[in-house]
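Just below is one structure, and these are the notes that go with it.
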Amino acid sequence: AVGPSDASPDEGVVEDLPLIDEKAVEQLTEGLISHYLPDLQRSKSALQELTQNQVVLLETLEQEISKFKECNSILDINALFSEAKHYHNKLVNIRNEMMTLHEKTSKLKVSGINT
């Protein structure tokens, strides 16, 4: 004897299904698509707009980064000019000292010759 637990769960399922109406399936599919498609198209459009905005934002950020790099370059140039000015002042002082020493040695030579 076969008990209720021995029967296959799929047994008799095919026989229980009514005949499938292809036109009904097509209409149901079209109804389902027409219900969800507008929302999906709006979502697609919103995602495309978001992606475009992200591209614009990335380009703007890249421009701002390059501006900061330029500012750093300008600061470096300013530092170089300050350093050049410092060394120029040192050279002017050395030149003045050399001229003073030259004058003193010239006076010493002249006074040495006169004695």
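Extent along the principal axes, Cα only, for the stretch 56-102: 68, 7, 5 Å, with the longest axis given first. On the stretch 52-115, 63 percent of the accessible area sits on carbon and sulfur atoms, based on a 1.4 Å probe.
Around N96, what is the net charge, scoring Lys/Arg as +1 and Asp/Glu as -1 over all other residues with Cβ under 14 Å from its Cβ? Write down the numbers at each step before the final one.
Numbers: positive: K90, R95, K104; negative: E97, E103.
Once all neighbours under 14 Å are counted, the net charge is +1.
Accessible area per residue for the stretch 22-113 is 95 Å², calculated with a 1.4 Å probe on protein heavy atoms, without ligands, DNA or RNA. In this simple spin-label model, placing a label point 7 Å from the Cα along the Cα-to-Cβ direction at both Y36 and L50 gives a separation of 1.9 nm.
The values are calculated or read from the model by the stated rules, or taken from the named source; none is laboratory data. Worth saying up front: this structure is predicted, and the values here are computed from it rather than measured. Please note: Cβ atoms are built from the backbone with ideal geometry, for glycine as well, and neighbour counts cover all protein chains shown. The accessibility values were calculated without ligands, DNA or RNA, using every heavy atom of the protein model including side chains. Shrake-Rupley method; radii C 1.70, N 1.55, O 1.52, S 1.80 Å.
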